[in-house]
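Student: Got a structure for you, questions after.
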Amino acid sequence: MKLLQQDYKVDEFELELEFSGIDQVISVQSRRNDRENHFLLEQAKKSDNLVAGIVGWAPLDANEIRVFLDQYLHEPMLKGVREIITGSPEGKFLNNPDFDHGMTELLRHNLAFDLMVSEQQLPAAIAFADRHPDQRMVLNHCGCPQIDAHPSSASWAHSIRELARRPHVYCKLSGLSSQLPSNIGRSNHSQILSPYFDTVCNAFGPDRMMYGSDWPVCKLTTTYPAWLNTVDDLIITLSESEKNAIHQDTAVRFYQL
């Protein structure tokens, strides 16, 4: 993890994107503090329009959440908020009335919500989504399935199909390289991930799926170009309009770019 313990700025990111064909991106938070929002906004404004918006952080379970969000009312670059729920007990976020109140404030501010949960938390995430049927949500990293060389988990697949029945929930095709066992070579990523992709694609459909790089975390197991190639391998049989949905159109609509 030492590789990640540093600031990653837009100049480095531009080098990663060279020759990738990527025109614009959304930057997503990784730290749970307001300094992260200001850092991401500062980098976005230096990016010469490369960064189209950011998904920041907010203390959604705090009493002062409305005041916190109000400070960004005139910041059009803030498109949404994420809370890293993985690794936390369900009572801290998914089953917390204070967090539910924060979600109503998020809706009032017309901000999207990035839902980052583990495979084991998906049932609680379904109940959470049911309590907030008007809030745009996108599931990060396909729900973090526990990936191995065998067919995808039946319980994960069931939860994915159930969550996808909620039309306000979307799915981000991201982070799966970090879930792969370390002994699997990059050339086999598409083959191993194919049944997981098939599950989320059949459940959500391309119109509710979007590409995500998980950069720089993806650097632990792959590179930005290699992950983009893996995703393009996974979606190769889709129509051009379906590919465009995953590459850009879903994100443009979801984050209201």
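Quick note: the coordinates plus some simple rules give every number you see, no bench work behind them. Source: prediction; values computed, not measured. Heads up, the Cβs are rebuilt from the backbone with ideal geometry, glycines too, and the neighbour counts pull from every protein chain shown.
Student: Give or take rounding to whole Å, what are the principal axis extents of the alpha carbon atoms in the range 13-97, in descending order?
Tutor: Taking max minus min along each principal axis of the Cα atoms, the range 13-97 gives 46, 30, 16 Å.
Student: So, with +1 on the Cβ of K and R and -1 on the Cβ of D and E, and no other charges, what is the size of the charge dipole of the range 29-147 about its Cα centre, to the nearest 20 debye?
Tutor: Computed charge dipole of the range 29-147: roughly 260 debye.
Student: Return a whole-number percent for the relative contact order of the range 148-257, with Cα pairs under 8 Å and 6 or more residues apart as the contact set.
Tutor: Rounded, it is 32 percent for the range 148-257.
Student: Here's another thing I want to ask about it. Quick check on my link table: of LYS2/LYS45; LYS79/LYS219; LYS46/LYS79, which ones sit more than 23 Å apart, alpha carbon to alpha carbon? Present the calculation step by step, with values, prior to reporting the outcome.
Tutor: Values: LYS2/LYS45 27 Å; LYS79/LYS219 25 Å; LYS46/LYS79 17 Å.
Result: LYS2/LYS45; LYS79/LYS219 exceed 23 Å.
Student: Can you sort PHE113, PHE68 so the residue with the fewest Cβ neighbours within 10 Å comes first?
Tutor: Least to most surrounded, the residues fall as PHE68, PHE113.
Student: For Cα extents along the principal axes in Å, the listed values are (i) 48, 41, 38; (ii) 57, 39, 32; (iii) 71, 48, 30; which was obtained by calculation from the structure presented?
Tutor: (i)
Student: Got a sec? Charge dipole of the range 1-157, +1 on Cβ for Lys and Arg, -1 for Asp and Glu; which of ALA154, HIS132, TYR8 is way out at the positive end?
Tutor: After comparing all options, I get HIS132.
Student: Kindly provide the helix-only [θ] at 222 nm of the chain, computed as the sum of -39,500 (n - 2.57) over DSSP H runs of four or more divided by all residues, to the nearest 500 deg cm²/dmol?
Tutor: On the way: 11 runs with 100 residues, N = 257.
Helices in the chain give a 222 nm mean residue ellipticity of -11000 deg cm²/dmol.
Student: Using the Cα centre of the chain as the reference point, and only Cβ charges (+1 on K/R, -1 on D/E), how large is the resulting charge dipole? Debye, rounded to the nearest 20.
Tutor: Dipole about the Cα centre, nearest 20: 300 debye.
Student: Would you list which aspartates and glutamates come within 15 Å of LYS92, measuring only between C-alpha atoms, while excluding same-chain residues fewer than 8 positions from it?
Tutor: ASP61, GLU83, ASP100
Student: Given 0.36 nm per residue, what is the gain on full extension from SER190 to ASP148 after removing their alpha carbon distance, in nm?
Tutor: Using 0.36 nm per residue and subtracting the Cα-Cα distance, I get 13.9 nm.
Student: In which sequence would PHE93, PHE197 go, from the one with the fewest C-beta neighbours within 10 Å to the one with the most?
Tutor: The order, fewest Cβ neighbours first, is PHE197, PHE93.
Student: Now for a different question. Show me the helices of the chain, taken as full DSSP H stretches, that run 20 Å or more along their long axis by Cα and average -1.0 or above in Kyte-Doolittle hydropathy.
Tutor: Result, helices passing both filters: 189-204.
Student: Starting with the fewest neighbours, write out HIS141, HIS158 ranked by other beta-carbon atoms found within 10 Å of each beta-carbon.
Tutor: Ordered from fewest to most neighbouring Cβ atoms within 10 Å, HIS141, HIS158 come out as HIS158, HIS141.
Student: Still on this structure: Whole angstrom only: what separates the Cα centroid of the range 134-177 from the Cα centroid of the range 204-257?
Tutor: That distance is 14 Å.
Student: Take the Cβ-Cβ distance between ARG131 and ALA226 as r, set R0 to 25 Å, and report the resulting FRET efficiency rounded to the nearest 0.05.
Tutor: 0.05
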